[in-house]
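The structure is given below, and queries will be raised subsequently.
The values are calculated or read from the model by the stated rules, or taken from the named source; none is laboratory data. In this text, all values refer to a predicted model and were calculated from it rather than measured experimentally. Don't worry about glycine lacking a Cβ; one is built from the backbone with ideal geometry, like all the others, and counts go over all protein chains shown.
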Amino acid sequence: MKKISVAEKFSLFTKHWRPKVVAEVNGQEVKLVKVCGVFPWHSHPDVDELFLVWRGAFRVEFRDRVVELGPGEMMVVPRGVEHRTAADEEAEVILFEPAETRNTGDIVDENFTAPQGARI
């Protein structure tokens with residue numbers, strides 16, 4: 001049981017689209033990710049994803065709409081819903097999702113699929 005400084009953890013890495021696990025709770029992982037640019041379209045057939053913006057502006061795009069999020073705002077993407085995420089400038093986002101959830105969901109992309117379980 002240790003205190004976690006989210007700001008300090010974000011300062012420890014620079015690479016975009018590579019989530020880092022900082023905590024686990026009830027089979028869920030709390031991950032930090034820096035984002036910039038546009039992520040590929042994908043879905044997670046069996047898991048919901050929660051995105052909470054820590055710093056910057058971030059959007060979740062669906063085929064029929066776009067949801068803009070700023071610091072302190074969050075949304076849950078339900079399982080099976082196709083989406084992609086994007087940020088015009090670097091943003092920092094906290095993710096809550098079941099342990100070992102692949103960041104690219106139902107696709108594998110050589111540029112975006114991150115290694116599982118990377119911790120800081």
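Only one of (1) loosely packed, with under 15 Cβ neighbours inside 10 Å; (2) modelled with pLDDT of 95 or more is not met by ASP109, so which one is it?
ASP109 satisfies all of (1) loosely packed, with under 15 Cβ neighbours inside 10 Å; (2) modelled with pLDDT of 95 or more except (2).
Can you tell me which residues in segment 1-54 are part of a strand (DSSP E or B) and closer than 21 Å to GLU110 by Cα?
Matches in segment 1-54: HIS16, LYS20, VAL21, LYS31, LEU32, VAL33, LYS34, VAL35, CYS36, GLY37, VAL38, HIS42.
Being surrounded by fewer than 19 Cβ atoms within 10 Å (Cβ to Cβ), at pLDDT 90 or above and among the charged types (D, E, K, R) is the filter here; which residues of segment 78-101 pass it?
Within segment 78-101, ARG79, GLU82, ARG84, ASP88, GLU89, GLU90 qualify.
For the condition at pLDDT below 95 and over 13 Å from the mean Cα position of the chain (by Cα), what is the one hit in LYS2, LYS9?
Step by step, each of LYS2, LYS9 is checked, and only LYS2 is at pLDDT below 95 and over 13 Å from the mean Cα position of the chain (by Cα).
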